[in-house]
Every structure is written in C-alpha cells, then in structure tokens.
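Novice: Right, I'll just put the structure down here and ask away after.
The values are calculated or read from the model by the stated rules, or taken from the named source; none is laboratory data. On a predicted model such as this, the values are computed, not experimentally measured, just so you know. Note that we place each Cβ from the backbone using ideal geometry, even for glycine, and neighbour counts take in every protein chain shown.
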Amino acid sequence: MHIPDGILPVPVTAAGYAATVVVTWYSVRKINQKENPRQDIPKASLLTAAFFVASWIHIPVPPTSVHLVLNGLLGAVLGYFAFPAILIGLFFQAVMFQHGGLTTLGVNAVIMGLPAIIAHYIFRIRRFGNQESRRKTGIFGFLSGAVAIGISVAMFVLILLTNIPADLDIGTERAALYTLAIAHLPLIAIEGVITLLLAVFLQRVRPRILDGV
Amino acid sequence: MKLGIVDEYSDLGSLLHRWEPRCKLIGLMVLIFAFSFVRDLRMLLAMVVVTITIYIISKLPVSFILRRLRYPSFFLLVVVLILPFVSGQTIVMSIGPLDLRQEGLIAVLLVVTRFLSILTIGLILFGTAPFLTTIKAMRALGLPAILADMVLLSLRYLHEIGSDLQKMQTSMSLRGYKKHCFSTRALNVAAWLGGSILVRSYERSEWVYKAMILRGYGYAPTTRGEFQTNSRDVITLGVFLLIAIGFITGDILYGRGVAALLQ
C-alpha cells in the first residue's frame, strides 16, 4: 500500500512533504516536552525496527498471503514516536527495497502515519472508567488496528484515483474505488484481529510496553 | 527477507562518489523532483538520456540496479497491466474483449519512465556514499537529532531483529508448523510471533540505553566542519540544478505534455 515514484504530480508530493514536516515537527516538539526525551529514543528505535521486521510476517489467505502493516498497534504503543517511526520505516522501504518512493515518501507517511496517531488516541480510551481488563485491551486493540488500516486504505485509494495520470471515466473510477475498497476489507479484519491478539499478548507478557514510550 | 544493502559500492572513486554529500543530496533530490514534474514525451527521452549518463558517471555496476529491479513495485505492475485497457477513448487495437487505448499506453509510458529514472537517481544518491555519511549529511542539512538517532539505531538493530525472526520461523517449521492454510491458529501464531519480536526488542532497548549512557550518549562534543565544500562541489551542484531547471522549463515550454500531444 505504498504509492511508488512517478505516479503522483508534484503539487501532491510537495503537499505530502509539507504535511509530513508539520506532523513530524509537532511529534518532535511533544517528545522534547518529556522530562528526559533521550531516554525513550533507544526504546522507540528498537521498537521501530521490530515493527518493521514484524511486517514481514505473512498471514496465509489462500490463494495468496498478506503481510501485516501494524500501523494501529504502532500508534498505540509508540504514541508521538509513531509518526517518526513510520517515516523511518518508509524511508528504509524506499531505499533498501525500492518499495514506495523518495518523492512519495511524504504522501505515504501521511497515509500510514496520521491513522497511527488516531489509533494512539483510540487505544488510550481503554484507560477510562474501571480497571484495565483484557477484554477492554482486546476491544480497543481491535478498533485501533482496524480503524488505522481502514483510514489508510481510504486515503490511499482516494489519493491514487484522483491523481493517477490517466483519463478515467466516472464509471471506471467508481468501479475501481469499490473494487479496491472491497479487496482491502479482509485486510482490515485481519489487521484488527492481529492487533487485538497482539495487544492481549503484550498485556499478559509485558504490560509496560502498552503504557507507551 | 534479506536486507538490501544499498551502499556496497560506496568506495568506488567516481565524480559522484567524491561529490560532497550535502551538495549531492540537494542536487540529486532536486533532480528527482524535476523528473516527477515531467509530462511531455519529448522530455521523457531527455530524462532517460540524463539518467543513463549520470549512472555511467557514477561507475556503479549494471548488476547493482538490475538486482534492485527484480523487486519492482507490485502496485506499478498492476497499473501497467490495467491502465492501457481502461484509460482514454482512442482504441489502438482490440485483443478479444479488451480494447487497447492510446491514452492509457501513453500514461503507462509516462509512469514507468518516471519511476525507473527516479529509482535510478535514488540508487545513485544512496549508493555512492556510505549510508552513515548520507544520514550525517541529512543531519547537517537540518534533520532533527531525534530522527537521525532513530534512523541509525533502527538500522543498527534491524539486521539482528530480522535474524531473530528468521530463527524463530525456522524453529516453528522444525516443530511442524505449516503456514499454508488460513485458520484462527495461524492468526494466533502470527500474533505470538510478532509479540515475541516486540518483547525481545523492548528488553534489548533497556540494555542498549544503559550501554549508550555509559559511553556518553547525549554528551558527545558537537563536530563542526565535518563536511568541506570546495568549488568543484558547488559547480557540480550548479550543473545539476541547471539540468533540473531545464527539465521544468522544457516541460512548460513544450506545452502540457500528454494533453498537448493528444490534441
């Protein structure tokens, strides 16, 4: 779900970079407001690498397989580090594996990163009310995972179909929109379930990780 | 998944290898954005010529780029296969029930040429200097310290965590786990696998932080003047900026490319 180089026009890629600079600046400002911001950098960095590696895990969905995105859980765990972490992950993808691109780095970061921040706030809701329970962690884990990937898919499809350098009629565009949206529904469900299972696993094994970086 | 090492030929001695990293970063990134501006087919030809010329100057082996083209974007492949049949009105030929359209073919040509040219320049940018030097150049150009530290630390542990995952997957296979069918068990196993990777990394990060503090993390003297720019670097940067301006001006002067060509 990364938009490669060569597809989007310059105004869109420039707007993507502008939005990325603003969100990164805001995230870094929030991180610097912590008592000891340097203390969290190794934790955030290693978890960034771990999320990057975890995205190589494939789930068999015959006749193919899908890989995890985990931007919802990443937002839930890393908080304000989530956007820089996604930016770094996408940069590695573009430079090392030629997935995504350098001109589209900003747009792709917005597509993946903004929903991660939304997921962070969704996951925080579990702390309200009574004591944290596994059920609440699971429910808000599912919601943060599914909502994050759902918003990412919607942004990806909209940006792509409105900017692709091709003369598509309204009927074709609408058909493509529906096809892409329906094709991604299983991914949204799987991502939600995996985020639920992962959140419950982390709460059982190492609950401190869920307290955020 | 094998990690793609992009700076394996960073010790060659070409003009681009010797170019001061900050100037190179600015010059090649501006050129990349100029390429993404191009919509005129005649400018596409010039783009291919410029890209090949820069690649030859960089002295990077052809195998370096061919290996990376082995994993082209799946998404790009889909665009290439679908666009010629759905975009535009002018039918060039019919293949069974499918109509091949001129506008779609031109759009594919545009997308693929821009993609390959930008990818090649990106590989030259990161392939002609050690990755650490390029990150330092980004830092010198204003990349926040938090981001620079995160990039370097993530990269440092990416290989180790990747190798952990590989070992865990091998252990799972040896114990009889088959990942070919979809089931709730498959989802559970994937979640436990991902969770184990996260827990291990979290624990490791606590040790890493202590080790970094002991080595003076956060109190290192700021290094000034790490990069020295000479007149040759500035002239090379000027040439690349002129080429980039040339592409943008040329595209504007030739009219709005594809649209003008179809009229």
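Novice: Would you mention how many residues in the range B:124-154 are more than 7 Å from chain A (Cβ to nearest Cβ) and not basic (Lys, Arg)?
Specialist: Qualifying residue count for the region: 20.
One line per residue, one yes/no per condition, for (1) at the interface with chain A (Cβ under 7 Å from one of its Cβ atoms); (2) farther than 24 Å from A:LEU196 by Cα; (3) at pLDDT 85 or above; (4) assigned to a helix (DSSP H, G or I):
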position: B:ARG185; (1), (2), (3), (4): no, no, no, yes
position: B:ALA191; (1), (2), (3), (4): yes, no, yes, yes
position: B:VAL199; (1), (2), (3), (4): yes, no, yes, yes
position: B:MET212; (1), (2), (3), (4): yes, yes, no, yes
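Novice: Do you know which of the residues in the range B:89-139 that are of a type in the set (Gly, Ala, Ser) and in contact (Cβ under 8 Å) with a residue 24 or more places away in the chain is nearest to B:MET29 (Cα to Cα)?
Specialist: B:GLY122
Novice: Could you check, for the range A:128-146, whether at least one of its residues is crowded, with 19+ Cβ neighbours inside 10 Å, of a type in the set (Phe, Trp, Tyr) and touching a residue at least 40 places away in the same chain (Cβ under 8 Å)?
Specialist: yes
Novice: Just one of (1) touching a residue at least 24 places away in the same chain (Cβ under 8 Å); (2) more than 22 Å from A:VAL66 (Cβ to Cβ); (3) surrounded by 15 or more Cβ atoms within 10 Å (Cβ to Cβ) trips up A:LEU198, so point out which.
Specialist: (2)
Novice: Follow-up question, since we're still on this one. Could you grab me the full set of residues in the range B:66-88 that are within 14 Å of the chain's Cα centre (by Cα), crowded, with 18+ Cβ neighbours inside 10 Å and without any contact (Cβ under 8 Å) to a residue 60 or more places away in the chain?
Specialist: B:SER73
Novice: Out of all the residues in the range B:168-186, is one or more surrounded by 21 or more Cβ atoms within 10 Å (Cβ to Cβ) and either among the polar types (S, T, N, Q) or not assigned by TED's automatic domain parsing to the domain that holds B:LEU132 (or both)?
Specialist: No, that holds for no residue.
Novice: A further question on this structure: For the range B:193-208, give me each residue that is farther than 14 Å from B:ASP164 by Cα and over 30 Å from the mean Cα position of the chain (by Cα).
Specialist: B:GLU206, B:TRP207
Novice: Sticking with this structure for a sec: Report the residue count in the range B:1-31 for those that are under 29 Å from B:ASP251 (Cβ atoms), within 15 Å of the chain's Cα centre (by Cα) and either modelled with pLDDT under 95 or surrounded by fewer than 22 Cβ atoms within 10 Å (Cβ to Cβ) (or both).
Specialist: Going through the range B:1-31 one residue at a time, the tally reaches 3.
Novice: B:ARG68 - would you say it is under 30 Å from B:GLU20 (Cα atoms), modelled with pLDDT of 85 or more and either small (Gly, Ala, Ser) or assigned to a helix (DSSP H, G or I) (or both)?
Specialist: no
Novice: Let me spell it out: the conditions are (1) at the interface with chain A (Cβ under 10 Å from one of its Cβ atoms); (2) buried (at least 23 other Cβ atoms within 10 Å of the Cβ), and B:ARG101 meets all of them except one. Which number is the exception?
Specialist: (2)
Novice: Just for the range A:8-48: of the residues that are among the hydroxyl-bearing types (Ser, Thr, Tyr) and within 8 Å of chain B (Cβ to nearest Cβ), which one is farthest from A:GLY75 (Cα to Cα)?
Specialist: A:THR13
Novice: Looking for whichever is in contact with a helix residue (DSSP H, G or I) (Cβ under 7 Å, 6 or more places away or on another chain) and surrounded by 24 or more Cβ atoms within 10 Å (Cβ to Cβ) here; the options are A:ILE31, A:ILE3, A:ILE59. Which one fits?
Specialist: Going through A:ILE31, A:ILE3, A:ILE59 in turn, just one is in contact with a helix residue (DSSP H, G or I) (Cβ under 7 Å, 6 or more places away or on another chain) and surrounded by 24 or more Cβ atoms within 10 Å (Cβ to Cβ): A:ILE3.
Novice: Would you check if A:ASN71 is farther than 23 Å from A:VAL153 by Cα and polar (S, T, N, Q)?
Specialist: For A:ASN71, the condition - farther than 23 Å from A:VAL153 by Cα and polar (S, T, N, Q) - is not met.
Novice: Could you please let me know if B:ILE135 is out of contact with any strand residue (DSSP E or B) (no Cβ under 8 Å at 6 or more places or on another chain), among the β-branched types (Val, Ile, Thr), more than 28 Å from A:GLN203 (Cα to Cα) and at pLDDT below 90?
Specialist: no
Novice: Which one of these is more than 11 Å from every other protein chain (Cβ to nearest Cβ), over 24 Å from A:ILE122 (Cα atoms) and not β-branched (Val, Ile, Thr): A:LEU143, A:LEU187, A:LEU161?
Specialist: That would be A:LEU161, the only listed residue that is more than 11 Å from every other protein chain (Cβ to nearest Cβ), over 24 Å from A:ILE122 (Cα atoms) and not β-branched (Val, Ile, Thr).
Novice: Can I ask one more? Taking the residues in the range A:53-103 that are among the hydroxyl-bearing types (Ser, Thr, Tyr) and within 29 Å of B:CYS181 (Cα to Cα) as candidates, determine which candidate is farthest from the other protein chains (Cβ to nearest Cβ).
Specialist: A:THR64
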